[in-house]
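Participant: Here you go, one structure.
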Amino acid sequence: MKKFTRPQEEFIIRMIAECHIARDIAATFATVFPDTRCSEQDVIAMDPRLTVVDPELFALFRTRRDEILDDPDSTPLASSKMRVFVLSRLLEKCVANNQPAEARAMLFQIAQETGDIASTKGAKTSAGGAGAGEAAAVGTITRTIVDPKPVSEDAHEPETESESE
């Protein structure tokens with residue numbers, strides 16, 4: 001494992017605690033600390049979930065992770081508007097890469113997110129309209145039981161050649 005300065009180690013630990021992936025952490029590290037090289041393997045080697053790290057760094061990891069989990073608004077995707085924006089960008093990539101199945105899934109997610117289509121998890125309701133989780137009232141339920149005629153035992157025996165001639 002490469003030896004980093006204390007601020008560099010803290011930067012990596014904070015990014016790991018914020019649930020960033022190793023590739024993104026290494027790329028961001030290169031922009032913040034251009035004079036030091038950091039690879040994905042270096043980030044993985046410092047991950048406190050996978051390896052033993054300095055107790056102070058582990059405490060920093062736990063504190064930052066708790067802050068993130070306690071405040072769901074800290075993530076940019078907590079906003080519906082931001083989720084639609086990200087989904088739209090992903091949709092553009094799917095269309096550009098000729099991936100119709102993925103594009104269809106993105107369109108469906110965008111429609112659910114904007115409330116244009118009902119989702120099973122509960123979409124926004126239109127003015128005066130029924131919500132996605134609400135179903136129309138059922139007036140009556142009819143139950144029909146069909147009891148087939150008994151079949152004779154002779155019907156189950158296969159025909160032989162002598163009988164058919």
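Participant: What's the exposure ranking of M106, M82, M46, going from fewest to most Cβ atoms within 10 Å?
Facilitator: M82, M106, M46
Participant: Ranking I145, I21, I12, I110 by Cβ neighbours within 10 Å, fewest first, what do you get?
Facilitator: Listing I145, I21, I12, I110 from fewest to most nearby Cβ atoms yields I145, I21, I110, I12.
Participant: Also: Distance in nm between label sites at D47 and V138, each 7 Å beyond Cα in the beta-carbon direction?
Facilitator: 4.7 nm
Participant: What is the magnitude of the charge dipole of the range 1-104 about its Cα centre, with +1 placed on the Cβ of each Lys and Arg, -1 on the Cβ of each Asp and Glu, and no other charges, expressed in debye to the nearest 20?
Facilitator: Approximately 360 debye in magnitude.
Participant: Tell me the net charge near D42. Cut-off is 13 Å between Cβ atoms, D42 excluded, with +1 for each Lys or Arg and -1 for each Asp or Glu. Walk me through the numbers before you get to the answer.
Facilitator: Working: positive: K2, K3, R23, R37; negative: E9, E40, D47.
With Lys, Arg at +1 and Asp, Glu at -1, the net is +1.
Participant: Assuming R0 = 25 Å, can you tell me the calculated FRET efficiency for the pair R89 and F58, based on Cβ-Cβ distance, to the nearest 0.05?
Facilitator: Taking R0 as 25 Å, the efficiency between R89 and F58 is 0.10.
Participant: Could you tally the net charge around D54, taking each other residue with its Cβ under 11 Å from the Cβ of D54, Lys/Arg +1 and Asp/Glu -1? Mind dumping the intermediate values first?
Facilitator: Details: positive: R6; negative: E9, E10, E56.
That sum, taken over residues with Cβ under 11 Å, equals -2.
Participant: Report the relative contact order of the range 1-116, percent, no decimals, based on alpha-carbon pairs under 8 angstrom and at least 6 residues apart.
Facilitator: 21 percent
Participant: Multiply the residue gap between E18 and L69 by 0.36 nm, knock off their C-alpha separation, and tell me the result in nm, one decimal place. Mind dumping the intermediate values first?
Facilitator: Working: separation 51, 0.36 × 51 = 18.36 nm, distance 0.90 nm.
Difference between extended and current length: 17.5 nm.
Participant: For I25, I117, which order do you get if you count the other beta carbons within 10 Å of each Cβ and list the fewest first? Please report the intermediate quantities before stating the final value.
Facilitator: On the way: I25 24, I117 14.
Going from sparsest to densest Cβ surroundings: I117, I25.
All of the numbers you see were taken from the coordinates with simple rules; none came from a lab. Everything numeric in this text was worked out from a predicted model, so none of it was measured. Cβ atoms come from the backbone with ideal geometry, glycine included; neighbour counts cover every protein chain shown.
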